[in-house]
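Okay, so here's the structure we're looking at.
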Amino acid sequence: MYLCMKFMKYGIIGTGAIGGFYGGKLAHAGMDVHFLLHKDYEYVCEYGLQVDSCDGSFHLDHVNAYRQTADMPVCDVVLVCLKSVNNHLLSELLPPLLGSHTAVVMIENGIGIEDDVQQMFPEVQLVAGLAFICSAKTKPGLVNHQCYGSINLANYSCRDADRMQQLVADFVAAGINTRQVEYHEARWKKAVWNMPFNGMTVALNTSTDQLLKNSFTRKLIHDLMMEVIGAARHLGVQNIDASFAEKMLMTTDAMVPYSPSMKLDYDYHRPLEIEYLYSRPIAEARKAGYSMPKLEMLEAELKFLASKNKRQGA
């Protein structure tokens, strides 16, 4: 049984703000963690990985760092921390890390992610990772963890209950607030925060705190949250109602001023994660007979801005 294993072997695909933080925490706790790096491979090999964290900073002197997954070992668990716009790369990146019992945790934002990855890898055991964290990587080998940091793990197609339990136990042992939750509830609850704040910070060129300090945009954020909650309930999701929108507003009030991942992507002229964050949930709701008119308008604005931003960044 996997619960009898002292450690599982972890692979991190996407050692950025999210992969660097969670992978770093696991490695700092003594877990066997292997990191795929891109631009800062040489830097991390020479200087290690630094995590500046509101919960206590730490430095990894030695990092199991790789340029390509072909050089990495087969892993018990793979954390995929890519932007969803890069998921097409998984057909090449994932296979070297997969064994017959490997669990793949998709720590990405949006609706429909696991559906599409499962089509790419029909036999792979998938878990959704729903991170609630303010974290950024703006320098090589440096992760800046500003606020929060919990993660919910939701079973999508993992057939091994022991491995799922061991995964949660390892995260907890690494000092990460972690719970196992129901898949659809977890994905849609994360969307309640992601859909309003990611898009609105881009559309209005602002940060989360400024959106909530203004009475007009605060009401708009609440209205957008209620559209997501309405869609989720229409699709049969349990344990989600207006009180969850109020909880998310209060949680964000207590957060440090923050630019979500989509705002950073826009500022750095990178592709925006519109498909899974907006187009897919809007389409799912529409198929169930529920419309999200304000979020449809935001989706259209983001597509316009993404097209304009692409031309400017070229």
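Observations on the model:
- Any hit, the stretch 270-282, residues being open to solvent by 50 Å² or more (accessible area, probe 1.4 Å) and free of Cβ contacts under 8 Å to residues at least 60 places away in the same chain: no
For (1) among the polar types (S, T, N, Q); (2) open to solvent by less than 20 Å² (accessible area, probe 1.4 Å), each residue gets a yes or a no:
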| position | (1), (2) |
| --- | --- |
| Thr102 | yes, yes |
| Met106 | no, yes |
| Gly110 | no, yes |
| Ile113 | no, yes |
| Val117 | no, yes |
| Leu126 | no, yes |
| Lys137 | no, no |
| Gly141 | no, yes |
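- Of all residues in the stretch 39-81, those being closer than 20 Å to Thr138 by Cα, assigned to a loop (DSSP other than H, G, I, E, B) and touching a helix residue (DSSP H, G or I) at 6+ places or on another chain (Cβ under 8 Å) number 3.
- Scanning the stretch 289-314 for residues that are of a type in the set (A, V, I, L, M) and surrounded by 14 or more Cβ atoms within 10 Å (Cβ to Cβ) yields Met292, Leu295, Leu298, Leu302, Leu305, Ala306.
- Answer residue from the stretch 8-42, given it is over 26 Å from Tyr258 (Cα atoms) and of a type in the set (Gly, Ala, Ser) and is farthest from the chain's Cα centre (by Cα) among those: Gly30
- Contact map, the stretch 175-196: residues that are outside any strand (DSSP E or B) and modelled with pLDDT of 95 or more paired with residues that are among the basic types (Lys, Arg) and open to solvent by 30 Å² or more (accessible area, probe 1.4 Å), Cβ distance under 8 Å, separation 6+ or inter-chain. Pairs shown: Gly175/Lys25; Ile176/Lys25.
- Scanning the stretch 85-100 for residues that are open to solvent by 10 Å² or more (accessible area, probe 1.4 Å), in contact (Cβ under 8 Å) with a residue 24 or more places away in the chain, farther than 22 Å from Phe171 by Cα and of a type in the set (A, V, I, L, M) yields a count of 2.
- Among the residues of the stretch 161-175, the one identified as over 17 Å from Asp32 (Cβ atoms) and open to solvent by less than 10 Å² (accessible area, probe 1.4 Å) is Met164.
- The set of residues in the stretch 248-267 that are of a type outside the set (A, V, I, L, M, F, W, C), assigned to a helix (DSSP H, G or I) and within 20 Å of the chain's Cα centre (by Cα) comprises Thr251, Thr252, Ser261, Lys263, Asp265, Tyr266, Asp267.
- Residues in the stretch 214-231 include none that are aliphatic (A, V, I, L, M), closer than 30 Å to Asp32 by Cα and modelled with pLDDT of 95 or more.
- Whichever residue in the stretch 226-242 is out of contact with any Asp or Glu (no Cβ under 6 Å at 6 or more places or on another chain), assigned to a loop (DSSP other than H, G, I, E, B) and hydrophobic (A, V, I, L, M, F, W, C) and, among such residues, is farthest from Tyr278 (Cα to Cα): Ile240
- When the stretch 21-80 is limited to residues that are within 21 Å of Asn177 (Cα to Cα) and among the hydroxyl-bearing types (Ser, Thr, Tyr), the one that is most open to solvent (accessible area, probe 1.4 Å) turns out to be Ser57.
- Restricting Thr206, Thr252 to those that are open to solvent by less than 60 Å² (accessible area, probe 1.4 Å) and without any contact (Cβ under 8 Å) to a residue 12 or more places away in the chain reduces the list to Thr206.
The values are calculated or read from the model by the stated rules, or taken from the named source; none is laboratory data. As the structure is a prediction and not an experimental result, all values here were calculated from the model. Positions of Cβ are generated from backbone atoms using ideal geometry, with glycine treated the same way; all protein chains shown enter the neighbour counts. Note: accessible area is taken over every heavy atom of the protein model, side chains too, but ligands, DNA and RNA are not part of it. Shrake-Rupley method; radii C 1.70, N 1.55, O 1.52, S 1.80 Å.
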